[in-house]
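Structure record follows, encoded as structure tokens.
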Amino acid sequence: MSNKVACSHCHLEFDEAVMIKDNNHYFCCNGCQGVFKLLSDEGFDSFYTKTQNVKLSPPLEKFEDSSTFDSESFRDAFVKVNSDGFNEIALIIEGIHCSACVWLNEKALHKMDGVIEANINFTNNKATVVWADGVVKLSAIIEMIRSIGYDAFAYDSSIQEVYANKERKSYYLKMAVAIFASMNIMWIAIAQYAGYFTGITQDVKTILNIAEWILATPVLFFSGWVFFRGAYYGLKNRVVNMDLMVATGALLTYIYSIYITVTEYGEAYFDSVSMIITFVLIGKFLEVLSKKNAADTLDIIGKHIPSEIKILLDDTITTCKLENVKVGNIVVVSSGERVLLDGEIVKGQGSFDESNLTGESEPIYKKAGDSVISGTTSIDADIYFRATKDFKHSTLSNLVTLLESAINKKPKIQQMANRLSEHFSSVILGFSFLTFIVWVVLGNGFETSFMIGISVIVIACPCALALATPVATLVGLNLGAKRGILFKEAAQIETMAKVDTLVLDKTGTLTVGKPEVIKESHFEEFDKGLLYSLVKLSKHPVASGICRYLESKDETIKEILFDEFSQIPACGIKAQYGGKEILGGNLKLLELHGIKVDFISDNTLFYYAVDKKVISIYELSDKIKDNAKELILEMQKRNINVVILTGDNEKSARSVASKVGITELYYEQTPEDKSNFIESLHAQNRSVVMVGDGVNDILALSRADIGIVMGSGSDIAVEIGDVVLLNNSLTSLKDAFKISKITFGLIKQNLFISLVYNAVTIPLAMAGYVIPLVAAISMSLSSLLVVGNSMRIKYKFKQK
């Protein structure tokens with residue numbers, strides 16, 4: 001007869017010949033061996049002491065081979081290298097349904113050597129993981145997630161709906177079972193309550209209890225399995241979560257009701273078991289739908305990206321994969337199609353809808369030579385354009401990436417709420433036990449004391465506390481995205497709501513940023529081609545204005561190649577040609593080279609000098625942006641101090657400041673001067689928003705608490721900025737402040753609601769005024785109330 005041995009993990013017995021032997025331990029399968037090793041490594045050996053007489057189920061679920069996550073094709077599709085040289089991926093964590101699940105996964109990942117960052121957003125279960133590939137492989141990270149009871153797969157917007165539908169179907173089935181059984185239990189309960197008042201024999205009462213027992217069992221162990229699973233993995237990793245509270249309350253009531261049914265003494269509460277599970281499950285489902293709706297609207301910019309695109313190859317239109325299009329390829333777009341790459345039109349013309357990116361509803365007319373932006377839609381244009389960026393570096397791809405990463409950066413107020421909710425469940429379980437003891441000591445019966453203790457467990461709701469910040473933040477981010485305001489991190493909404501100082505660059509921020517030449521003064525004849533070539537070297541708005549002016553005067557003007565050239569920040573350009581020193585810029589540039597000039601004007605001045613002699617002076621004027629004055633008035637109403645910080649001359653700066661109503665201004669500022677000014681404000685404990693658009697603003701933008709960049713600004717400024725205004729509008733800047741203020745206000749309201757709810761309902765439950773059924777309904781309603789309040793952001797925005 002073969003010798004039977006027990007598995008060291010699940011304790012099920014098998015023939016020794018088929019067992020896996022590891023030192024002095026036996027395992028029935030690799031799954032049991034893996035779980036045993038994990039628990040031992042993490043110091044959870046006591047688990048087996050507590051379960052030595054319990055038969056466990058061995059791990060049965062089969063996952064995709066984790067080694068595929070390390071393949072080159074997978075890395076090319078989903079993994080990117082960030083600016084610090086670390087690998088980064090967006091994952092969807094399957095199985096998360098409460099804040100403790102988020103906490104558990106983040107804690108497990110942070111414990112791994114080589115994991116730099118792990119942020120999980122509760123609203124859509126999306127995780128951003130950053131790791132050092134030389135220290136830990138992605139497959140090991142996936143295995144860690146699976147080992148604690150969850151699964152992970154790469155985030156892909158094209159298949160995300162499939163997984164969302166799968167989750168919804170699972171909830172539908174669980175709710176269908178729970179609702180069907182609960183409705184039948186309530187009919188039986190009505191018969192029992194009627195018998196309580198009119199008289200009922202114990203035999204009939206027992207039969208009715210057994211019927212309720214049969215109906216309540218699938219509700220508890222099938223529909224409610226999600227809570228038991230969450231509680232198990234929470235306890236396994238030393239986390240007391242909401243699942244444990246629901247599972248404990250329902251299971252203790254179930255066991256007590258079985259005891260009552262068997263002994264035929266007292267009142268059974270199978271109806272409470274069923275209702276606790278049913279109402280909490282419905283609440284969780286509605287919560288999932290609300291969070292998904294908020295997340296879906298945020299995905300509007302990046303959703304429905306086709307995998308293929310039409311290109312012109314050897315005079316033939318063909319299709320190829322979007323990621324295979326290279327810079328320089330000619331892309332074909334027909335009317336009604338979406339532009340998927342950035343480029344320059346080489347043939348065709350028509351109108352484009354840019355509302356997804358800028359919030360501007362008016363179509364934009366474009367022709368050959370104009371640039372097109374990925375993410376916009378052709379209304380009536382059939383065009384050919386030359387790709388200037390591949391998809392990975394396109395505006396559309398960058399915006400989608402920024403939006404996805406934004407919701408993973410938790411505001412400080414959310415971090416505080418998360419810390420509170422970490423300990424909340426443990427405290428509530430302690431309150432429940434204390435309540436039970438006190439009621440027993442005061443002479444009440446076991447049944448009464450027991451049900452009051454259960455009510456305390458069920459009514460408490462840490463989820464409302466955990467949801468207070470992320471849902472409101474998500475709605476705020478969505479509202480901003482729809483209006484062309486891109487917050488790169490959710491945390492910036494909170495920071496922006498607290499600022500007291502707004503620092504504005506002048507050119508391109510308060511003004512349109514396209515100065516036009518209104519007057520020119522020449523002191524001798526000169527080669528316009530040299531001046532044209534000089535200003536073409538700079539992207540500064542003043543240089544661009546002169547460039548446009550010279551092109552309008554002479555369409556045949558051509559560039560000349562300089563022997564050498566350099567740009568002097570906040571001053572201008574210096575070049576050498578044919579042994580001559582050529583200068584173009586402001587008065588400070590001339591002073592740096594010892595050139596004196598006496599020329600007075602209220603306009604912006606551009607000096608052109610050759611061999612230390614001023615040859616020509618151009619006067620330019622820039623139009624002040626619409627709604628500039630309204631923005632300043634709005635800021636003053638909010639008690640926000642507004643300052644102009646510009647590299648332009650005094651007269652030009654004062655002219656703009658007086659027109660928009662700003663009294664504090666600083667002119668002729670170098671990039672270092674601007675940076676030092678921001679630091680001086682910080683020394684006064686001021687919270688600062690800096691708004692700019694050029695290379696000369698990047699130091700100040702990086703120093704400010706919040707750096708806001710106009711979408712038309714230089715690439716490096718857009719990269720450094722915390723918030724990007726895609727439509728360059730000052731109305732968007734005003735809206736960004738409104739959204740931040742409203743969102744932060746509602747976050748505080750949500751926290752207040754959740755704290756007041758628990759402060760009021762828990763004492764009522766402890767005092768015996770709440771039955772478990774009402775407690776379950778109240779718990780679900782508190783979470784839905786917080787989610788509903790968050791949705792008010794868009795309505796409050798319209799009202800203000």
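The values are calculated or read from the model by the stated rules, or taken from the named source; none is laboratory data. Only a predicted model underlies this, so the values are computations on that prediction, with no experimental measurement involved. Please note: Cβ atoms are built from the backbone with ideal geometry, for glycine as well, and neighbour counts cover all protein chains shown. Side chains included, ligands, DNA and RNA excluded: accessible areas come from the protein's heavy atoms. Shrake-Rupley method; radii C 1.70, N 1.55, O 1.52, S 1.80 Å.
For Gly572, are the conditions met, namely being over 22 Å from Tyr666 (Cα atoms) and small (Gly, Ala, Ser)? Taking the combined requirement at face value, the residue does not satisfy it. Scanning segment 756-776 for residues that are at pLDDT below 85 and not in a helix (DSSP H, G or I) gives Val770, Ile771.
The rows are residues; the columns are (1) surrounded by 17 or more Cβ atoms within 10 Å (Cβ to Cβ); (2) touching a Ser or Thr at 6+ places or on another chain (Cβ under 6 Å); (3) at pLDDT 80 or above; (4) more than 28 Å from Tyr171 (Cα to Cα).
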site: Glu64; (1), (2), (3), (4): no, no, no, no
site: Asn87; (1), (2), (3), (4): yes, no, yes, yes
site: Gly95; (1), (2), (3), (4): yes, no, no, no
site: Val102; (1), (2), (3), (4): yes, no, no, no
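Among the residues of segment 511-561, those that are polar (S, T, N, Q) and without any contact (Cβ under 8 Å) to a residue 60 or more places away in the chain comprise Ser533, Ser538, Ser544, Ser552, Thr556. The residues on offer are Gly584, Gly594, Gly578, and the sole one that is in contact (Cβ under 8 Å) with a residue 12 or more places away in the chain and in contact with a helix residue (DSSP H, G or I) (Cβ under 7 Å, 6 or more places away or on another chain) is Gly584.
Return yes when Ser274 is crowded, with 19+ Cβ neighbours inside 10 Å, at negative phi and modelled with pLDDT of 80 or more and no when it is not. When the stated conditions are applied, Ser274 passes them.
Quick check on segment 158-181. Is at least one of its residues modelled with pLDDT under 85, more than 28 Å from Leu784 (Cβ to Cβ) and either surrounded by fewer than 22 Cβ atoms within 10 Å (Cβ to Cβ) or of a type outside the set (Lys, Arg) (or both)? Yes, some residue in segment 158-181 is modelled with pLDDT under 85, more than 28 Å from Leu784 (Cβ to Cβ) and either surrounded by fewer than 22 Cβ atoms within 10 Å (Cβ to Cβ) or of a type outside the set (Lys, Arg) (or both). Scan segment 498-535 for residues that are modelled with pLDDT of 85 or more, among the small types (Gly, Ala, Ser) and either part of a helix (DSSP H, G or I) or open to solvent by 40 Å² or more (accessible area, probe 1.4 Å) (or both) and the total you get is 2. The numbered conditions (1) buried (at least 20 other Cβ atoms within 10 Å of the Cβ); (2) at pLDDT 85 or above; (3) assigned to a loop (DSSP other than H, G, I, E, B) are all true for Gly375 except (2). All told, Phe487 meets the bar of being among the aromatic types (Phe, Trp, Tyr) and crowded, with 16+ Cβ neighbours inside 10 Å. When Gly585, Gly572 are checked against the criterion of being at pLDDT 90 or above, under 19 Å from Glu516 (Cα atoms) and either in contact with a strand residue (DSSP E or B) (Cβ under 6 Å, 6 or more places away or on another chain) or open to solvent by less than 60 Å² (accessible area, probe 1.4 Å) (or both), Gly585 stands alone in meeting it. Does segment 347-359 contain any residue that is of a type in the set (A, V, I, L, M), at pLDDT below 85 and either loosely packed, with under 14 Cβ neighbours inside 10 Å or within 30 Å of Ile185 (Cβ to Cβ) (or both)? No - not one qualifying residue is present in segment 347-359. Applying the condition of being open to solvent by 30 Å² or more (accessible area, probe 1.4 Å) and touching a helix residue (DSSP H, G or I) at 6+ places or on another chain (Cβ under 9 Å) to segment 544-556 and asking which residue is farthest from Lys528 (Cα to Cα) yields Ser544. Looking only at segment 683-693, decide whether some residue is part of a helix (DSSP H, G or I), modelled with pLDDT of 85 or more and over 19 Å from Ile493 (Cα atoms). Yes, some residue in segment 683-693 is part of a helix (DSSP H, G or I), modelled with pLDDT of 85 or more and over 19 Å from Ile493 (Cα atoms).
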